[in-house]
Amino acid sequence: MAEPAGVVTTTLLAYSPAPCPALDAILADDEHSLPSSNGQPLPDGRVQQGPLDYSRAALRFHLRKESAHMAVEGDMFVYYVGRDERGRPRRGSVAPDVFVVVGVPDRPDRLSYVLWREPDADLRFVLEIASKSTRAQDHGSKRSVYASLGVREYFIYDPPGRRRTARILGLRLNDGRYMEMPAELLPNGMRGVRSDTVDLVAYVNDNGDLRWFDPVAGRDLENYVESSLRAIAAETQRDAVAAERDALRARLAEAEAELRRRTPQQDE
C-alpha cells in the first residue's frame, strides 16, 4: 500500500522533540482521527497480491495461539513522530505489506497503529514485496525508516522478472544498522532465511514463489489453493470410506438374509 502524500522518510524516531504546538497537534491524533488506508489498490497488484495474501494468511494462522500478545497485519498504516530536514517534529507514516507487532493483542477492529499512543507496540517484523514501482523504496528509504522504528527483522521478497530471478533477502537490526542474514539449507534442498520472530524460514521455490517453511512441522505453510485442495481430498476420502462401509454393510445384510433362507426352520 502506498503511503499518503508528504510521508516522512528521512527521520529518526529515537529523539525527544521539545514541546511545541506542532508536536501537540501530532500527539492529539489517534487511530480514529487518522486515515487507516488510502483505499488504493497495490501499485503492481498481480505481482504483489499473491505473495502478500499467502504470507499474511499463513503467518496469521501459524501465530494464532499467540494472538493475545501478537498481531499479524497488513494494508494498514503505522504512524510515528519524526522530524523534517530542519529538525522540527512531523508526523510520519509507513505501510508495510505484512508486519508483526508484539506486545499488544490482535484486535480485529484495529484501524491503524499510532505508536505514540501505544508505547507497548513493538513492530518487530516487516515483509515488503518489491515490484517495479516499489523496489527502490523497499531497498532504500524504507530501510532507514524501519531501522529508526527498531524493526528487528526486515524481509524483502523480489518476485521474478523478465531479466531477474526471484530472491528473498533477510535483514537483522544490529546496533541501529541492518545486516544481511545468512541463508540455511532446508530439507527440500532449497536455501532460505530464518525469522526468529515468526519461527519460520522464508525461501523461494523453483517457480520463483515465496514460501514459508515450518521447521517444527517439517513442511511449508499452505496457501489458500493448497489448503482447499487438501480439504477436498480429505472430504473425497471420507466419502469413499463411507461408501465402502455402506457397501460392506449391504453385502453383510445380503449374506445374513441368504443364510436365514437356507437354514431349515424348526417347529416350536
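The values are calculated or read from the model by the stated rules, or taken from the named source; none is laboratory data. No experiment lies behind these values; they were computed from the predicted model shown. Cβ: placed from backbone, ideal geometry, glycine included. Neighbour counts: every protein chain shown. Note: areas computed on protein heavy atoms with side chains; ligands, DNA, RNA excluded. Shrake-Rupley method; radii C 1.70, N 1.55, O 1.52, S 1.80 Å.
Does segment 182-198 hold any residues that are closer than 25 Å to Leu149 by Cα, surrounded by 19 or more Cβ atoms within 10 Å (Cβ to Cβ) and without any contact (Cβ under 8 Å) to a residue 40 or more places away in the chain, and which are they?
Within segment 182-198, Val193, Arg194 qualify.
How about segment 229-262: which of its residues are farther than 25 Å from Leu63 by Cα, modelled with pLDDT under 60 and of a type in the set (Gly, Ala, Ser)?
Result: Ala233, single match.
Out of (1) surrounded by 12 or more Cβ atoms within 10 Å (Cβ to Cβ); (2) modelled with pLDDT of 65 or more, what's the single condition that is false for Glu226?
In the conditions (1) surrounded by 12 or more Cβ atoms within 10 Å (Cβ to Cβ); (2) modelled with pLDDT of 65 or more, Glu226 misses (2) alone.
In this structure, does Gly74 turn out to be within 24 Å of Leu171 (Cβ to Cβ), of a type outside the set (Lys, Arg) and open to solvent by less than 40 Å² (accessible area, probe 1.4 Å)?
yes
So is Val216 exposed (fewer than 14 other Cβ atoms within 10 Å of the Cβ), in a loop (DSSP other than H, G, I, E, B) and modelled with pLDDT of 90 or more or not?
The answer is yes for Val216.
Please go through (1) open to solvent by 60 Å² or more (accessible area, probe 1.4 Å); (2) over 21 Å from Pro159 (Cβ atoms) for Gln49 and return the number of the only condition it doesn't satisfy.
Looking at each condition in turn, Gln49 falls short on (2).
For residues in segment 95-123 being under 15 Å from Glu31 (Cβ atoms) and β-branched (Val, Ile, Thr), which is farthest from the chain's Cα centre (by Cα)?
It comes out as Val114.
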